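Read the structure below first, then the notes.
The values are calculated or read from the model by the stated rules, or taken from the named source; none is laboratory data. Remember, it's a predicted structure, so these values are computed and weren't measured experimentally. FYI the Cβ positions are ideal-geometry reconstructions off the backbone, even for glycines, and counts take in every protein chain you see.
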Amino acid sequence: AQSVTQLDSHVSVSEGTPVLLRCNYSSSYSPSLFWYVQHPNKGLQLLLKYTSAATLVKGINGFEAEFKKSETSFHLTKPSAHMSDAAEYFCVVSDYAGGGNKLTFGTGTQLKVEL
Amino acid sequence: KAGVTQTPRYLIKTRGQQVTLSCSPISGHRSVSWYQQTPGQGLQFLFEYFSETQRNKGNFPGRFSGRQFSNSRSEMNVSTLELGDSALYLCASSIGTSGRRSTDTQYFGPGTRLTVL
């Protein structure tokens, strides 16, 4: 089975500074990887996805992630944090099993943005 | 296009009761997946339905069940509720392509917050 590990449970940045949320994956084949964001009391919103077309993936709201096979990483970055970015972020891998695809979530990283 | 909708948004039940949650997928999507989110266990996969058939199932007891209708709408049922079933239940829909090379993307609804007293 495939899995993802989010290396930080909490990240705190100042508004206007860069954001880095780290994710490592484990997979026996080329995976489909995603980043989702969850604002308080809301559902999950897709930020971006990697499906082997390009290693640098651009998402919504200025976020991007780079797939690095040699490091088995898929870190999420943003050049300049905004207060509205404060939320929980999930790194996710799509696992093919039992005839269908299911998502396996990391434990989440809570991003705090301070003035 | 309308997004994934879930009803009800909030639900309070007592131990031993049963509950049914409903999910309407994005138009054209044939796959519906259900996830449970709790502070202790995080987000866990419950099951996936495609064309009215359960295609995949997570590690949950038989008290958790689901079904999908011909219009792709889905319901999940939890019987004999326990305190530990208190959670946010999220439904996600996708087109439904499968396989190791699948690029299918799941879109989530706002969730149903279930509280068991």
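Details
- Within region B:1-55, strands (runs of 3 or more DSSP E) holding 3 or more residues that are touching a residue at least 60 places away in the same chain (Cβ under 8 Å): B:5-7, B:10-13, B:19-24, B:31-38
- Within region A:84-107, considering residues that are among the small types (Gly, Ala, Ser) and crowded, with 23+ Cβ neighbours inside 10 Å, the one nearest to B:Phe47 (Cα to Cα): A:Gly100
- Scope region B:52-92; condition within 22 Å of A:Phe105 (Cβ to Cβ) and at pLDDT below 95; matching residues: B:Gln54, B:Arg55, B:Asn56, B:Lys57, B:Gly58, B:Asn59
- Single residue of region A:102-115 satisfying the filter (within 16 Å of B:Ala92 (Cβ to Cβ) and in contact (Cβ under 8 Å) with a residue 40 or more places away in the chain) that is nearest to the other protein chains (Cβ to nearest Cβ): A:Phe105
- Scanning region B:33-48 finds no residues that are over 15 Å from the mean Cα position of the chain (by Cα), of a type outside the set (Gly, Ala, Ser), over 27 Å from A:His39 (Cα atoms) and surrounded by fewer than 17 Cβ atoms within 10 Å (Cβ to Cβ).
- Annotation for region A:65-76: no member residue is at pLDDT 95 or above and β-branched (Val, Ile, Thr).
- Exactly one residue out of B:Ser98, B:Ser65 is farther than 15 Å from B:Leu114 by Cα and in a strand (DSSP E or B): that is B:Ser65.
- With respect to (1) surrounded by fewer than 14 Cβ atoms within 10 Å (Cβ to Cβ); (2) away from chain B (no Cβ under 13 Å); (3) small (Gly, Ala, Ser), the lone exception for A:Ala81 is condition (1).
- Residue in region A:54-64 that is closer than 23 Å to A:Ala1 by Cβ and among the hydroxyl-bearing types (Ser, Thr, Tyr) present: no
- Residue satisfying all of: in region A:20-39; under 16 Å from A:His82 (Cβ atoms) and out of contact with any Leu (no Cβ under 7 Å at 6 or more places or on another chain); modelled with the highest pLDDT among these: A:Leu20
- Some residue of region B:99-108 being of a type in the set (Val, Ile, Thr) and facing chain A (nearest Cβ under 8 Å): yes
- Which numbered condition B:Asn59 fails, given (1) surrounded by 22 or more Cβ atoms within 10 Å (Cβ to Cβ); (2) of a type in the set (S, T, N, Q); (3) not in a strand (DSSP E or B): (1)
- For region A:25-62, a residue qualifies if it is without any contact (Cβ under 8 Å) to a residue 40 or more places away in the chain, aliphatic (A, V, I, L, M) and crowded, with 18+ Cβ neighbours inside 10 Å, and the qualifying residues are A:Leu48, A:Val57.
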